[in-house]
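Here is the structure we will look at.
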Amino acid sequence: MRIGVVTFPGSNGDHDALAAVELGLHQEAIAIWHKDHELGDVDALLVPGGFSWGDYLRAGAIARFAPVMDAVIEFAEAGYPVLGICNGFQILTEAGLLPGALLKNSGLTFSCRWVHVRVETDRTPFTHGIDPGTVLRLPIAHGQGRYFAPPEIVSDLEKNDQIIFRYTDRHGVENDDANPNGSLRNIAGVSNRAGNVVGLMPHPERAYDAALGGDDGLQILGAMLRSRMAVAAK
């Protein structure tokens, strides 16, 4: 499987994503520059974390207009798997590929620590084969990670099974203490209506080996492979 990783000026999770694909998944990683107009022959796409263009205006607002984004949007609309991580999640919301927005953390402070998230559905390429209710331990590093959407959009997300991850304690229980940024309804990740585009604030690419402090991120990244094999078997 060939997995593309997009790099913008200010990205800092791109090399983590490339390493996770190559060392964690043992798949081919393809580096894609923000000025590229084509993605090349890739099967899935990761839009990594960081501070694209220094988070000027608001996080992801400038990256959304990078030349590569036309190709990213076309790729996503064709039904291919796209995962936006942290700043990548912010970029995908700015591009209209995901609903809602990421606002400043409720405490107005940067949060960098390990958290727990509960998998809400297995309907996406990034949760395929993971039992709903599974709790994963992943790192976060963000200052604008508070998920927000108007009530009618949140209602649609609930109805259409588009809430993919929620912040919980290690036992899978939602509470305010487990919510690191004040996200609405403890939402840590969502998908588009089709389910092929997913965004989440925690960093699975920084948790692909126990030596890094945990390897639960491999369950999310590895789901791409399981999903692809399931499609090929049909």
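Bear in mind these aren't lab numbers, they're just calculated from the coordinates by the rules spelled out. What you are looking at is a predicted structure, and each value in this text was computed from that prediction instead of being measured. Ideal geometry is used to build each Cβ from the backbone, glycine not excepted, and the neighbour counts take in all protein chains shown.
By other beta-carbon atoms within 10 Å, ranking Lys35, Lys159 with the fewest at the front produces Lys159, Lys35.
Full extension of the segment from Asp176 to Asp209, taken as 0.36 nm per residue of separation minus the current Cα-Cα distance, would add 9.0 nm.
Taking the DSSP beta bridges with both ends in the chain, the antiparallel portion is around 60 percent. Asp43 label point, 7 Å along Cα→Cβ, cut-off 19 Å on backbone N: hits in the stretch 126-149? Once the point is set 7 Å along Cα→Cβ of Asp43, 126-130 turn out to lie under 19 Å by backbone N, inside the stretch 126-149. Our note on the geometry: Cα centres of the stretch 79-112 and the stretch 1-58, 15 Å apart. Calculated mean residue ellipticity, 222 nm, the chain: -6500 deg cm²/dmol, from DSSP H runs (n ≥ 4) at -39500 (n - 2.57) each, averaged per residue and rounded to 500. Among Met224, Met201, Met229, Met69, sorting on how many other beta-carbon atoms sit within 10 Å of each Cβ, with the fewest leading, yields Met229, Met69, Met224, Met201.
Among rounded, prolate and oblate, which fits the stretch 50-124 when a ≥ b ≥ c are the square roots of the eigenvalues of its C-alpha gyration tensor, a/c under 1.5 means rounded, and a/b larger than b/c means prolate? Verdict is oblate for the stretch 50-124. Under a Gaussian network description of the chain, with springs only between Cα atoms under 10 Å, the residue in Asn87, Asn192, Asn160 that fluctuates furthest is Asn160. Using the Karplus relation 6.51 cos²θ - 1.76 cosθ + 1.60 with θ = phi - 60°, the per-residue 3J(HN,Hα) values for the stretch 16-21 come to 4, 5, 4, 5, 4, 5 Hz, with x marking Gly and Pro.
Taking every DSSP beta bridge that has both residues in the stretch 1-103, what percent is antiparallel when rounded to the nearest 5? Given both bridge residues lie in the stretch 1-103, the antiparallel proportion sits at roughly 10 percent. Could you list the residues of the stretch 187-208 with an amide nitrogen less than 11 Å from a label point located 7 Å from the Cα of Leu57 in the Cα-to-C-beta direction? Correct set: none at all.
Put a plus charge on the Cβ of each Lys and Arg, a minus charge on the Cβ of each Asp and Glu, and nothing anywhere else: the dipole of the chain about its Cα centre is then about 340 debye.
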